[in-house]
1. Between Ala139 and Ala78, take the C-beta separation as r, use R0 = 30 Å, and let me know the FRET efficiency to the nearest 0.05.
2. Taking the C-alpha atoms of the range 85-152, how large are the radius of gyration and the largest Cα-Cα span, Dmax, in Å?
3. Could you list which residues have their amide H under 5 Å from that of Arg103, counting only those 5 or more apart in sequence or on another chain, with H placed in the peptide plane?
4. Enumerate the amide H contacts of Ser152 below 5 Å, restricted to partners 5 or more residues apart or on another chain; note that Pro and chain-start residues carry no placed amide H.
5. Within the range 36-136, what whole-number % of the accessible surface is contributed by carbon and sulfur, with the 1.4 Å probe and all protein chains included in the calculation?
6. If Lys and Arg each add +1 and Asp and Glu each add -1, what is the summed charge of the other residues whose beta carbon sits under 11 Å from the beta carbon of Ala150?
7. Whole-Hz Karplus ³J(HN,Hα) for the range 43-59, in order, using 6.51 cos²θ - 1.76 cosθ + 1.60 and θ = phi - 60°, x for Gly and Pro?
8. Once you put a point 7 Å from the Cα of Asp93 and another 7 Å from the Cα of Asp63, both along the Cβ direction, what distance in nm separates them?
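The values are calculated or read from the model by the stated rules, or taken from the named source; none is laboratory data. A quick note: this is a predicted structure, and the numbers were derived from the prediction, not measured. Here the Cβ is made from the backbone with ideal geometry for all residues, glycine too, and neighbour counts use every protein chain on show. Side chains included, ligands, DNA and RNA excluded: accessible areas come from the protein's heavy atoms. Shrake-Rupley method; radii C 1.70, N 1.55, O 1.52, S 1.80 Å.
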Amino acid sequence: MLLLCVTGCSIAAPEADEAPDAAPSTASPSGEEEAALAAYTGMWDAVVAASHGDEEASRALDDHAVGSARELMRTALAEAAAGGETEGEPVLDPGIDVEGPERAVVDDCVDDSAWGTGGTGGTAGARRVDATLIHDGLAWRVSELRIWEAGSC
């Protein structure tokens, strides 16, 4: 499984014209960011539900992922199914950058420690996930996915 990690953040000193006690502004996601994030998290929701034995959820993966991302998740599910149904779920922490009307990139740090899949190669932990999403004219879907080893974020 491939993962994407959110890069670290730093807090800058206040600008000279900014009040020292001013609260930092937090931008809320745009409609496109929300829709792309919903596709990304929907993919994970479908995978988690399928890993718990929900066959309908496995088919729902098609609503959220296409191409190599869908095949990677289907392969991971097949490998996990060989070990039996799982419990728990991974913890996601995605960040998104919509790069245009048809492309978005998600950087995530997924902690699969509480998810019974045992992670890639049997090692669970926080791992970086890189995802590319495309808008096919109807909806956002994850098209490329890279899941890194445990400890990569």
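1. So, using R0 = 30 Å, E works out to roughly 0.75.
2. For the range 85-152, the Cα radius of gyration and maximum Cα-Cα distance read 13.6, 39 Å.
3. The list, which skips near neighbours in sequence, is His135.
4. Under 5 Å from the amide H of Ser152: Arg128.
5. 48 percent
6. For residues surrounding Ala150, the net value is -1.
7. Karplus values, whole Hz, x for Gly and Pro: 4, 5, 4, 5, 5, 5, 4, 5, 5, 8, x, 7, 5, 5, 5, 4, 5.
8. Placing both labels 7 Å along Cα→Cβ, they lie 2.9 nm apart.
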